[in-house]
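Have a look at the structure below, then the notes.
The values are calculated or read from the model by the stated rules, or taken from the named source; none is laboratory data. Given the structure is predicted, the values throughout are model-derived calculations rather than measurements. Ideal geometry is used to build each Cβ from the backbone, glycine not excepted, and the neighbour counts take in all protein chains shown. Quick note on the areas: whole protein, heavy atoms, side chains included, nothing else; ligands and nucleic acids left out. Shrake-Rupley method; radii C 1.70, N 1.55, O 1.52, S 1.80 Å.
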Amino acid sequence: MRKIALMTAVCALAATLSPASARNFTPEDLVQLNRLGGSAVSADGGMLAFAMQETDLEANARSGDLWLLDLREPGSAPERLRAASDSDESAPAFSADGTHIYFLSDRSGSSQVWRAPIGEGDAVQVTTVEADVAGFAIGPGGRRIAIWFDEDSDCADISCADAEAVPDAGSGRFYDAIMARHWGSWNDGTQSRLVTYALADGLIDGEGAVVSRPLNGNTPTRPFGGGEQVAWHPSGAAIFFTLREGGVSEATSTDLDIYRAPADGSSTPEVLTAENEAYDSLPTPSPDGRFLAYVAMERPGYESDRRVLHLRDLVTGETRALTEDWDHSIGALAWSPDGQSIYLVAQDRLDTPVFRYALTEGRIERVSGEGSIGAILPQADGALMVSLASALAPADLYRIEADGTMRQLTNVNGATFGDIEMPIREEFSFAGSDGETVYGQIFRPPGLAEGETAPVAYFVHGGPQGSFSNSWSYRWNPAAMASQGYAVVTVDFHGSTGYGQAFTDSINNDWGGKPLRDLQLGLDAVLEANGWMDGDRVCALGASYGGYMMNWIAGNWPDRFDCLVNHAGIFDLRQFYYSTEELWFPEWDFGGPYFEREDAYERWNPVHHVENWQTPMLVIHGELDFRIPYSQSLAAFTALQRQGVASELLVFPDENHWVNSPRNSLQWHRTVYDWVARWTASESGAPE
């Protein structure tokens, strides 16, 4: 199979530019692109609100504004909702009557919920809690609001002011359980709590209630949970939420549960998924309030298990699994307004489309085409509002009609892409490890003339249960790399997502086996089929598990590449196990804790092969990375330097597992591009 991928309207426009007028995509472009945020549609379907972040490179910051688009006027342009100077606004939501917009803003000095009329008038602050509000959900009819924020777990009130510093106290942190730190921050004694208030005339009326009390845990879950884990019952009398229990099991358990609580917090929350000791999330009640749709995994401790659609009868308590025979893992869901269908977002090979599950027939059909769907907002007329991105274009909002036709609603980066010629993207497949079909992507650099060749940048994704899919990335972006003149190749090796659960599971206890063989066979396949790729000038790049693979390649495929780029890669699996935070991850992938499965970990441990290292390597890490602590990169750099292997180390003191700030991102891209250019500048593979 080999096909040219369909490009979005923006990229199709760029591809038609004449060589004289077109320019290449740059890292400066990438870092300063506008970023689409949350979106909402008014109840009558006539107005679309969305948030958009803009980047101030000089200030090294991003801030968002709200925009409104009149859907009743075809061809109308979005208009900015007035904003306070220097404020960051996000998460728009319409009032029940469509006359006001609720949103998050830091204009008061902290993140709070505000409300602004769509017409004339000033915004009014709605919440005044001591903490920064992370998110909110307006209840049915606008009668209540739910908010969530991090608060000291000992705070008995709705929210508490920071305690005064104790005189002569030391700066030490004290812990008596693991999960002392998570992702990019130390445990400071706070938990994410869920609070509801009554509303009158759109503003808070009376005291609130902590509806997640007395549970011990985070709702939404930290660090990445959000509004998809909180949902109002259509009656407004109850609220559903997902919670991860805190305590000694937090580092080893994937047991998220769904709870139902009365809207006023008058009784203890009821757990609805206690029988399943694995993951349960995305609570989504039906429009009539009779059923609760949600997703669940089957195997406790496995974060990459298949997410299956379940349906619970909220009257009888009967629960059924609906998609057990559908080998896709569901990432988002939404009911159709008539309650007859459920829309599902799930990866399907390299795309992440939206599907429609017809409840009566049990039939699943694909609704969208190529690219990756993010948000889905079903409309009363049968249409869908969606966010859609691809590997060649960042997210914009689209309307998919009931007949399947699609119309683009926003073009938030049209001014940037208007004079850019983007790379050409292709998909390919080959016979990988054990003869199974493996898929990948090729990005041909723009402007490459007939007969010319391009050096190869081989991108290896992280996860390892992940994918370099047909989606946009602001960190590892194949199109941006290809625009520097490289043939970029990605391979979804064994263990990747989107190809069925067995394929994803196949990497367990085989980290350096089938995946490495797939990478070897994939590179051979693309070089043989594409004479314009220069197989004598090839560098490999990867982060997280992809960084692990750079260390593994350095010792087990040491003579193939001209250079390697290792971002936050695992160097020593023993030390990684004893210093990472989410222990369920290595314990599943290697069959248990290190002290019980030492041979399994050591079989695929890169540290045992450092004597073979000879390939120049750029090593990058963030000091706030608690997923793979930066000592792993210090160790890799030591191994390189002590053996005289050409190497450099780039450390970000203010970044975690990802590089997020605008200036740091720009530095990251410039450093990586310079390193790869140095080693691929000539056919010898050595710097000129």
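Does the stretch 56-64 contain at least one residue that is without any contact (Cβ under 8 Å) to a residue 24 or more places away in the chain, assigned to a strand (DSSP E or B) and under 28 Å from the mean Cα position of the chain (by Cα)? No, that holds for no residue.
When restricted to residues that are surrounded by fewer than 16 Cβ atoms within 10 Å (Cβ to Cβ), assigned to a helix (DSSP H, G or I) and under 27 Å from the mean Cα position of the chain (by Cα), the stretch 642-678 contains 3. Looking at the stretch 492-509, which of its residues are open to solvent by 20 Å² or more (accessible area, probe 1.4 Å) and charged (D, E, K, R)? Asp505, the sole residue that qualifies.
So that you can scan it fast, the table gives a plain yes or no per residue for (1) at pLDDT below 95; (2) open to solvent by less than 30 Å² (accessible area, probe 1.4 Å); (3) closer than 30 Å to Asp255 by Cβ:
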| position | (1), (2), (3) |
| --- | --- |
| Asn566 | no, yes, no |
| Arg574 | no, no, yes |
| Leu583 | no, yes, yes |
| Val619 | no, yes, no |
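Across the stretch 382-433, the number of residues qualifying as closer than 30 Å to Tyr357 by Cβ, β-branched (Val, Ile, Thr) and open to solvent by less than 10 Å² (accessible area, probe 1.4 Å) comes to 3. Of everything in the stretch 189-206 that's surrounded by 10 or more Cβ atoms within 10 Å (Cβ to Cβ) and of a type in the set (D, E, K, R), which residue is farthest from the chain's Cα centre (by Cα)? Among residues in the stretch 189-206 that are surrounded by 10 or more Cβ atoms within 10 Å (Cβ to Cβ) and of a type in the set (D, E, K, R), the one farthest from the chain's Cα centre (by Cα) is Asp205.
Selection of first residues in the stretch 528-541 that are touching a residue at least 60 places away in the same chain (Cβ under 8 Å) and of second residues that are of a type in the set (Ser, Thr, Tyr) and open to solvent by 20 Å² or more (accessible area, probe 1.4 Å), restricted to Cβ pairs under 7 Å at least 6 apart or on distinct chains, gives the following pairs, ordered by first then second residue: Trp532/Thr453; Met533/Thr453; Asp534/Thr453. For the stretch 459-511, the set of residues classified as under 24 Å from Trp532 (Cα atoms) and of a type in the set (Gly, Ala, Ser) consists of Ser469, Ala479, Ala480, Ala482, Ser483, Gly485, Ala487, listed by residue number. Among the residues making up the stretch 74-105, those that are more than 20 Å from Gly45 (Cβ to Cβ) and either acidic (Asp, Glu) or not in a strand (DSSP E or B) (or both) are Arg82, Ala83, Ala84, Ser85, Asp86, Ser87, Asp88, Glu89. Checked against (1) in contact (Cβ under 8 Å) with a residue 24 or more places away in the chain; (2) open to solvent by 20 Å² or more (accessible area, probe 1.4 Å); (3) of a type in the set (Val, Ile, Thr), Thr638 passes all but a single condition, namely (1).
I need a count of the residues in the stretch 132-188 that are open to solvent by less than 90 Å² (accessible area, probe 1.4 Å) and either outside any loop (DSSP other than H, G, I, E, B) or touching a Leu at 6+ places or on another chain (Cβ under 7 Å) (or both). Looking only at that region, the number is 22. Residues that are touching a residue at least 40 places away in the same chain (Cβ under 8 Å) and polar (S, T, N, Q) were ranked within the stretch 275-285; the one that is surrounded by the most Cβ atoms within 10 Å (Cβ to Cβ) is Ser281.
Which of the residues spanning the stretch 513-530 are over 30 Å from Ile330 (Cβ atoms) and part of a loop (DSSP other than H, G, I, E, B)? Scanning the stretch 513-530 gives a single hit, Asn530. Evaluating His310 against the criteria (1) in contact with a strand residue (DSSP E or B) (Cβ under 8 Å, 6 or more places away or on another chain); (2) outside any strand (DSSP E or B); (3) open to solvent by 10 Å² or more (accessible area, probe 1.4 Å); (4) farther than 28 Å from Ala198 by Cβ leaves one unmet condition, (2). Checked against the criterion of being within 27 Å of His182 (Cβ to Cβ), of a type outside the set (A, V, I, L, M, F, W, C) and free of Cβ contacts under 8 Å to residues at least 60 places away in the same chain, the stretch 286-293 contains not a single residue that satisfies it.
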